[in-house]
Amino acid sequence: MPPSGWASRRLDSSDMHLTNLLPPPDLESGTLRVIPLGGLGEVGRNMTVFEYEGRVLVVDCGVLFPEEQQPGVDLILPDFGPIRDKLDAIEAVVLTHGHEDHIGALPYLLRERNDIPIVGSRLTLALVDPKLREHRLREPVHHVVREGDRMSFGPFDLEFVAVNHSIPDALAVAIRTPAGMALVTGDFKMDQLPLDGRITDLRAFARLGEEGVDLFLTDSTNAEVPGFTTSERNITPAIEQVFRTSEQRIIVACFASHMHRVQQILDAAAKHGRKVGYVGRSMVRNMAIAADLGYLTVPDGVVRDAKEIAELPPSKQVLLSTGSQGEPMSALSRIANGTHNFVHLAPGDTVLLASSLIPGNENSVSRVINGLTRLGANVVHKGNALVHVSGHASAGELLYTYNIVRPKNVMPVHGEVRHLVANADLARAVGIENVVLAEDGYVVDLRDGVASIVGKVDVGLVFVDGNTVGDVTEIELKDRLILAEEGFISVIVVVDSVSGKVSAGPEIHARGHVWEDSDFDPIRQPIIDAVNAVIAEGATDTYAMQQAVRRTIGRWVGTKMRRRPMIIPVVIEA
């Protein structure tokens, strides 16, 4: 069991990685159980499971994008293991908004049970549908909701609240059960002058607070940032400056879901007599959906096919591209590498990176900026201009929200450990005593108005590699990193089964570093001696001989060449 005081004190680094948390006890009647399967301790793959009287509600089902230390991985999913035996008990999946870190893993969950009802706003569900078609899934039952709606699924009575975020149609959800009410903010901020006029409904938060919020699950992403998040409108002058001063082509990179930012670019292009083309499959798809549903107002004649735009004079061109996070295969990365099929940068072009950095992508984005600069582009980014604002509430907004809602218990969600701890400190600062700090897999029970950690379930990272889901292990990723960083050596030795001695080899092949065949001459005889010594000791299996080869060349390469390559020994009996 957790140590005394776990849920009401700040955690130090040792607390956050307790090893003595046992599997949770059976769920008691009248208790609401909450299990985060992703999003706590990381920025991405948000997924939280609520369970009451054997019935389950899932809030969000998102992906995490891989870092450089995870080569070959396309996506990282939440671990569905803890609910795999409860799939039939899932009443619905509620999606708070349409960002990939909240909806991207949904097709993989629906592979396991395709008829789970999906609940979300009109735009969110419209962004989900193409994903389901790509995965060739039968479309499940959709329930389109908007702010103010109430809907019940089993024992879960849901009420939806408008929140402002960097994508339209975001919702918070209040989950009423006989055990109490949980309020999940989703990702939110409190922009008082949003471009679409839709603000976070603090009146609804206050009303729910008066009714009594027993567990408040709040966005932690910007909890370390003091004050209030800057309004989207404040970046309009920086965008206007780019359009006013650029004499050649303008390329804008942003998230393919950031309709507000795209709207600002479209308006600026119309004002300055430029035409806009979308580059990147997700950008084309999402903007078509947003325009069809009325979330994007496209000035007449401004948007054209990107290949047509490329034929216009540079002073008339604007290209809206994906790849603001430096993704290797994105449109912007291919432009920076000079490998895009029809967009070729010229000295004097302007590239506007209208996005924030997702933690872990700093090096990738820096490489793209350097590549663009090397080609002669003027690169405008968050480091040298106010061209992006966050979609998450800063510390001042979180304090304000806590004072309005006055929840009995707080559980920070959506963020790395440092974000969760900072958010917990804010909750305590306004007098909320019971703050539950948890990570993925921690099991939190709400009973008699008190939330506490009661155990932990095993969860891990589930890697998607091409069409393969979950088969890539941490060991295999480590092998990939060794291959990438340290190289590869294979050693082939032939042993005469009659004489019991090495009869040919060792034949040594190396890849990944500048190694000549002659570099290995000093180690050939020691390898032969090591294999013969193992045979002389009575070993008859090739495994023991292979291990002798591995140890011998491994020590030598480590000492002489300062490398730790992957070593594949092969012993053949002839």
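Tabulated data for the structure shown
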{"item": "Exposure proxy ranking, count of Cβ atoms within 10 Å, fewest first, for His388, His381", "result": "His381, His388"}
{"item": "Rough spin-label spacing in nm, given labels placed 7 Å along Cα→Cβ, for Lys501 and Tyr400", "result": "8.6"}
{"item": "Spacing of the two label points (7 Å from each Cα toward its C-beta) at Asp519 and Arg84, in nm", "result": "4.3"}
{"item": "Stretch gain in nm, segment Asp541-Thr230, where the contour uses 0.36 nm per residue and the Cα spacing is subtracted", "result": "105.1 nm"}
{"item": "Cα centre as origin, Lys/Arg/Asp/Glu Cβ charges: the stretch 232-380 dipole, Debye", "result": "160"}
{"item": "From phi via Karplus (6.51, -1.76, 1.60), per-residue ³J(HN,Hα) for the stretch 454-463 in Hz, x at Gly/Pro", "result": "10, x, 8, 10, 6, 9, x, 8, 10, 8"}
{"item": "Residue-averaged [θ]222 nm for the chain, counting only DSSP H segments that reach four residues, each worth -39500 (n - 2.57)", "result": "-8500 deg cm²/dmol"}
{"item": "Sequence of Phe160, Phe153 once ranked by neighbouring C-beta atoms within 10 Å, starting from the fewest", "result": "Phe153, Phe160"}
{"item": "Under the span-like rule (Cα at least 20 Å along the axis, Kyte-Doolittle mean at least -1.0), DSSP H helices of the chain", "result": "521-536, 542-560"}
{"item": "Theoretical gain in end-to-end length, Val450 to Ser29 [0.36 nm per residue, Cα-Cα removed]", "result": "150.1 nm"}
{"item": "Positive-end residue of Ser257, Leu202, Gly455, charge dipole of the chain with Cβ unit charges", "result": "Ser257"}
{"item": "Packing-based ranking, highest mean first, of 187-193, 405-411 given that Cβ atoms within 10 Å are counted", "result": "405-411, 187-193"}
{"item": "Spatially close lysines, pair count over the chain: Cα under 15 Å, gap of eight or more or interchain", "result": "4"}
{"item": "Proxy reagent accessibility, fewest Cβ within 10 Å first, across Leu158, Leu399, Leu125, Leu320", "result": "Leu399, Leu125, Leu158, Leu320"}
{"item": "Cut-off under 5 Å, modelled amide H: who pairs with Phe216 long-range", "result": "Leu183, Asn409, Val410, Met411"}
{"item": "Length released on extending from Glu112 to Ser490, taking residue separation times 0.36 nm less the Cα-Cα span", "result": "132.0 nm"}
{"item": "Among beta bridges that DSSP assigns inside the chain, antiparallel share in %, nearest 5", "result": "55"}
{"item": "Distance between modelled label sites at Glu134 and Arg281, nm, 7 Å Cα→Cβ extension", "result": "0.6"}
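Read-outs throughout are calculated quantities, based only on the coordinates presented, and are distinct from any laboratory measurement. As the structure is a prediction and not an experimental result, all values here were calculated from the model. Please note: Cβ atoms are built from the backbone with ideal geometry, for glycine as well, and neighbour counts cover all protein chains shown.
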